[in-house]
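Notes follow the structure.
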Amino acid sequence: MTAIALTIAGSDSGGGAGIQADLKAMSALGVYGASVITAVTAQNTRAVTAVHAIPLDVIAAQIDAVLSDLDVGAIKIGMLATPQIIETVARGLAAFAGPVVLDPVMVAKSGDALLAEEAVAALREMLLPRARLLTPNLPEAATLLGPDAPAAMEAQGRALRALGADAVLMKGGHGTGAICEDLLVTADGVTRLSAPRLPTRNTHGTGCTLSSAIAAGLAKGLPLPDAVQAAHTYLQGAIVAADGLGVGQGYGPVHHFHGIWS
């Protein structure tokens, strides 16, 4: 049987993040990727210049079309933009029993907002408790937790688990220091994943790529810790090779096919 993963996210016209990054990562890892597009963005390596939310009935129809026909092993959720879209996606996944990887996309690499402020509460209440894994970066974790968010990464991960997520992968890319450390916080404890912090600006789509790579691993039947470790290793390779792409004039994408292209 072919492993199938579904990404529910926004489209990036520049091809470095969103649906495009998700499908590239899934394909590179040997998983068939299906998609539900929640928004179309006019976006490149420098800026997001327009966002068009897909009508709610079309989003719901996409979810139904995929899940009624394809044997989806895991779902990755990315950019959702509005409370109404979040509610539509939550309702569409009500009968899905497989693992969901929730990447709470809030801001593009360029600094442009991708999630309305009023949507944060809806994300926290409707989808966070549905997540097998939540994958926030440091600013996203602080936003989800609000003004009482603890300062330490591990404490933030435990607080997010207390809100309902089964497990939390705290991403340390926004941190400082020579080593970038991610923390996988589960009911069994904390696993640390470390890698050198590389001197490159070509990191557009790292969060999308990591979460979709984890979903690909889960779709293959890997246990969560193994899926996270495999995705972490894959992403590090994609970052190492990113400067070789030479795409765009701003924050370029990682190299999703670094293990395939010559």
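The values are calculated or read from the model by the stated rules, or taken from the named source; none is laboratory data. It should be emphasised that the depicted structure is a prediction, and the values quoted were computed from it without experimental measurement. All Cβ positions, glycine included, derive from the backbone under ideal geometry; neighbour counts span all protein chains shown. Side chains included, ligands, DNA and RNA excluded: accessible areas come from the protein's heavy atoms. Shrake-Rupley method; radii C 1.70, N 1.55, O 1.52, S 1.80 Å.
Structure data summary
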| read-out | value |
| --- | --- |
| Residue check for residue 37: touching a residue at least 24 places away in the same chain (Cβ under 8 Å), aliphatic (A, V, I, L, M) and assigned to a strand (DSSP E or B) | yes |
| Candidate set: segment 1-22, residues that are surrounded by fewer than 24 Cβ atoms within 10 Å (Cβ to Cβ) and closer than 11 Å to residue 215 by Cα; chosen: the one farthest from the chain's Cα centre (by Cα) | 3 |
| Those residues of segment 210-233 which are open to solvent by 20 Å² or more (accessible area, probe 1.4 Å) and either within 17 Å of residue 192 (Cβ to Cβ) or not hydrophobic (A, V, I, L, M, F, W, C) (or both), in sequence order | 220, 221, 223, 225, 226, 229, 230, 233 |
| Criterion: without any contact (Cβ under 8 Å) to a residue 60 or more places away in the chain and within 14 Å of the chain's Cα centre (by Cα) - qualifying residue of 65, 141 | 141 |
| Any chance residue 115 is more than 16 Å from the chain's Cα centre (by Cα), in a loop (DSSP other than H, G, I, E, B) and either of a type in the set (A, V, I, L, M) or modelled with pLDDT of 95 or more (or both) | no |
| Test for residue 45: is it of a type in the set (S, T, N, Q), crowded, with 20+ Cβ neighbours inside 10 Å, touching a strand residue (DSSP E or B) at 6+ places or on another chain (Cβ under 8 Å) and not in a strand (DSSP E or B) | yes |
| Flag if residue 104 is surrounded by fewer than 18 Cβ atoms within 10 Å (Cβ to Cβ) and assigned to a loop (DSSP other than H, G, I, E, B) | no |
| Residue list for segment 140-150, filter: open to solvent by 40 Å² or more (accessible area, probe 1.4 Å) and under 17 Å from residue 80 (Cα atoms) | 143 |
| Filter result for residue 74 (of a type outside the set (Ser, Thr, Tyr) and out of contact with any Gly (no Cβ under 6 Å at 6 or more places or on another chain)) | no |
| Qualifying residue in segment 123-138 (condition: in contact with a Phe, Trp or Tyr (Cβ under 9 Å, 6 or more places away or on another chain), surrounded by fewer than 22 Cβ atoms within 10 Å (Cβ to Cβ) and farther than 21 Å from residue 5 by Cβ) | no |
